[in-house]
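Peer 1: One structure, as structure tokens, below. Some questions next.
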Amino acid sequence: IEVGTAFGDVLTKNSTLECLELRGNRLGDEGIIDFARQLRLNTVLRYINFSNNQLSQESVVAFGRALKENTSLETLILDYNKLKNCDQGLIDILKSSSALKNLSLNKTDLGKEEIKALAKGLSLNSTLEGLSLAENNFTDEIVKEFGEAISDRYQLKTINLLSNPLFLGDFSQNVQDTLIYRQILCNNIRTSIYSPLT
């Protein structure tokens with residue numbers, strides 16, 4: 001808790017910090033909520049990595065609220081946190097942000113409802129260019145629905161779906177016409193979004 005609060009205080013006083021790596025620190029929701037409150041008014045931080053910090057729905061909601069006011073954050077990485085049942089928070093993050101370009105949610109226990117929420121959030125977002133969803137056990141059916149839902153999100157340049165059980169059985173033959181499958185097969189979508197400060 002103290003670490004999240006301390007770095008939140010740094011955000012209010014520091015005018016040069018652009019990149020913050022805090023992965024694997026077990027900060028938990030309470031520490032991140034304190035941090036997110038201060039993030040609202042920060043105008044320089046561009047990259048945050050809070051992977052593997054025991055975060056859940058409360059943290060996602062807090063980031064959604066913070067991004068309504070923050071105008072600088074371009075990359076948010078929340079990998080290896082259990083974010084199931086965070087559908088409204090994910091919508092808020094995408095709907096609220098005016099600067100976010102990269103969102104990474106690898107191995108975060110996302111399910112069908114969360115992927116629907118991401119699609120809805122993307123329909124309200126005009127800035128996101130990279131979305132990473134590796135290792136989430138997405139099936140062909142879930143990805144098919146997602147691809148159809150984001151078919152007009154032309155600002156998206158990168159979607160990472162590595163290590164999901166896709167292209168299994170005969171079902172995949174029926175969904176090749178969706179945008180996401182065409183782009184993956186044509187190798188037009190890269191498989192990583194980790195170049196946040198270029």
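Peer 1: Before we move on, is Gly147 at pLDDT 90 or above and in contact with a helix residue (DSSP H, G or I) (Cβ under 7 Å, 6 or more places away or on another chain)?
Peer 2: Criteria not met by Gly147.
Peer 1: Failed condition for Ser56, given (1) touching a strand residue (DSSP E or B) at 6+ places or on another chain (Cβ under 8 Å); (2) of a type in the set (Gly, Ala, Ser); (3) more than 20 Å from Leu17 (Cα to Cα), with all others met?
Peer 2: (1)
Peer 1: In addition: Can you work out which of the residues in the range 1-32 that are open to solvent by 40 Å² or more (accessible area, probe 1.4 Å) and among the β-branched types (Val, Ile, Thr) is farthest from Ala99 (Cα to Cα)?
Peer 2: Ile1
Peer 1: Among the candidates Phe35, Phe50, single out the residue that is within 30 Å of Gln155 (Cα to Cα), at pLDDT below 90, aromatic (Phe, Trp, Tyr) and open to solvent by less than 10 Å² (accessible area, probe 1.4 Å).
Peer 2: Phe35
Peer 1: Regarding the range 20-36, can at least one residue be identified that is within 28 Å of Phe138 (Cα to Cα), of a type in the set (Gly, Ala, Ser) and either out of contact with any His (no Cβ under 9 Å at 6 or more places or on another chain) or not in a helix (DSSP H, G or I) (or both)?
Peer 2: yes
Peer 1: Which condition breaks for Thr43 when tested against (1) open to solvent by 80 Å² or more (accessible area, probe 1.4 Å); (2) out of contact with any Ser or Thr (no Cβ under 7 Å at 6 or more places or on another chain)?
Peer 2: (2)
Peer 1: For the range 33-45, give me each residue that is closer than 18 Å to Glu74 by Cα and out of contact with any Lys or Arg (no Cβ under 9 Å at 6 or more places or on another chain).
Peer 2: Phe35, Gln38, Leu39, Leu41, Asn42, Thr43, Val44, Leu45
The values are calculated or read from the model by the stated rules, or taken from the named source; none is laboratory data. The model shown is predicted, which means the values in this text are computed figures rather than measured ones. Every residue, glycine as well, gets a Cβ built from its backbone with ideal geometry; the counts of neighbours run over all protein chains shown. Only protein heavy atoms, including side chains, enter the accessible area calculation; ligands, DNA and RNA are left aside. Shrake-Rupley method; radii C 1.70, N 1.55, O 1.52, S 1.80 Å.
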